[in-house]
1. Return the pair list, or none, for Cβ contacts closer than 9 Å from residues in the range 59-72 that are under 13 Å from Leu44 (Cα atoms) to residues that are assigned to a helix (DSSP H, G or I) and β-branched (Val, Ile, Thr), at least 6 apart or on different chains.
2. Here are Tyr42, Tyr36: which of them is of a type in the set (Phe, Trp, Tyr), open to solvent by 100 Å² or more (accessible area, probe 1.4 Å), out of contact with any Gly (no Cβ under 8 Å at 6 or more places or on another chain) and under 17 Å from Ile77 (Cα atoms)?
3. When residues of the range 45-58 are filtered for being open to solvent by 30 Å² or more (accessible area, probe 1.4 Å) and within 22 Å of Leu25 (Cα to Cα), how many remain?
4. For the chain, give me every one of the helices (runs of 4 or more DSSP H) that falls completely inside it and has 2 or more residues that are touching a Leu at 6+ places or on another chain (Cβ under 9 Å).
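The values are calculated or read from the model by the stated rules, or taken from the named source; none is laboratory data. A quick note: this is a predicted structure, and the numbers were derived from the prediction, not measured. For neighbour counting, all protein chains shown are included, and Cβ atoms are generated from backbone atoms with ideal geometry for every residue, glycine included. We work out accessible area using only protein heavy atoms, side chains counted, and drop any ligands, DNA or RNA first. Shrake-Rupley method; radii C 1.70, N 1.55, O 1.52, S 1.80 Å.
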Amino acid sequence: MLPCLNKKLFGVECMGCGLQRSLVLVFKGQFLDAFYMYPAIYSLIILFLAIGINIFFKFKHSTKIIGALAIITVSTIIISYLIKIIN
């Protein structure tokens, strides 16, 4: 795993801390643990799948769908980070 440079230098976790470990947990089939590790993992996966599908197969309203998924993903990342900081 790549170490978090922000955490090493400043002692504070960044908004991406836990993403790598969460992705490994998804590949191992530990879906609930992956969500607890990094709550935005599933919205990120869906977002990247939608972008990948859109590259090869253009579908109707793709910009709206990808935009909505991006907003959901960023909101989840920010809210989970704030909860992590507060606790």
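1. Qualifying pairs under 9 Å: Ile66/Ile51; Leu69/Ile46; Leu69/Ile51; Ile72/Ile46.
2. From the options Tyr42, Tyr36, the qualifying one is Tyr36.
3. 4
4. Per the criteria, 19-28, 31-37, 41-56, 62-86.
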